[in-house]
Every structure is written in C-alpha cells, then in structure tokens.
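Notes follow the structure.
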Amino acid sequence: MKKSILASLKGIVSVAAVLVFVIAISGCQKEGAMEKAGEKIDKAVEKAGEKVGEGAEATKEAMEKAGEKVKEGTEKAVDAAKKGAEKVEEKVKK
C-alpha cells in the first residue's frame with residue numbers, strides 16, 4: 001500500500017509540475033496588463049518628449065524674433081541719438 005501511495009504522489013507531482021510549466025509558458029506568450037501599461041507609458045513619454053521639443057523650438061523662434069526686435073529698436077535709438085546730436089551741434093554753431 002505504501003508503494004501505491006508513493007507511486008500516486010509521484011504521478012500527482014509530475015502532473016502538477018507539467019501544469020505549472022504549461023501555465024508559465026502560456027503566461028509568457030500573452031501580453032500581460034503590466035506590459036500593456038508599460039507600452040502606454042512609453043507612448044505617453046514619447047509624446048511628451050515631442051511636445052517638449054516643439055515647445056523648445058517655438059521658444060527658440062520667439063527668442064530669435066525678440067532679438068531681432070531688440071536689434072531694430074537699438075538701431076532706431078542710435079539713429080535718434082545721432083539726429084539729436086546733430087541738432088544740438090547745429091544750435092551750438094549758430
């Protein structure tokens with residue numbers, strides 16, 4: 001009787017080991033919830049990176065335009081100062 005119980009246990013353990021192996025293999029082949037969540041996070045981070053890049057490019061363009069405006073303003077101020085200096089010089093000569 002001991003041998004038959006031992007033989008039954010060996011058979012049960014073997015079947016359980018095979019079932020665990022089959023379940024483990026099938027679990028690896030399916031895309032799990034964590035893997036799907038990870039993919040969604042990857043896509044969100046990628047989109048956020050693109051938006052940051054777009055924002056940086058827009059900021060760069062805005063700064064370049066602002067720099068051009070400052071340059072134009074400076075040139076106008078220099079011209080105005082020269083004209084003012086010329087007027088003062090003319091009045092001093094008279």
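Is it the case that region 57-68 has a residue that's surrounded by 10 or more Cβ atoms within 10 Å (Cβ to Cβ) and under 16 Å from the mean Cα position of the chain (by Cα)? So far as region 57-68 goes, yes, one or more of its residues are surrounded by 10 or more Cβ atoms within 10 Å (Cβ to Cβ) and under 16 Å from the mean Cα position of the chain (by Cα).
Going by the structure shown, is K43 open to solvent by 100 Å² or more (accessible area, probe 1.4 Å) and either at pLDDT 70 or above or of a type in the set (V, I, T) (or both)? Criteria met by K43.
The values are calculated or read from the model by the stated rules, or taken from the named source; none is laboratory data. It should be emphasised that the depicted structure is a prediction, and the values quoted were computed from it without experimental measurement. Every residue, glycine as well, gets a Cβ built from its backbone with ideal geometry; the counts of neighbours run over all protein chains shown. Only protein heavy atoms, including side chains, enter the accessible area calculation; ligands, DNA and RNA are left aside. Shrake-Rupley method; radii C 1.70, N 1.55, O 1.52, S 1.80 Å.
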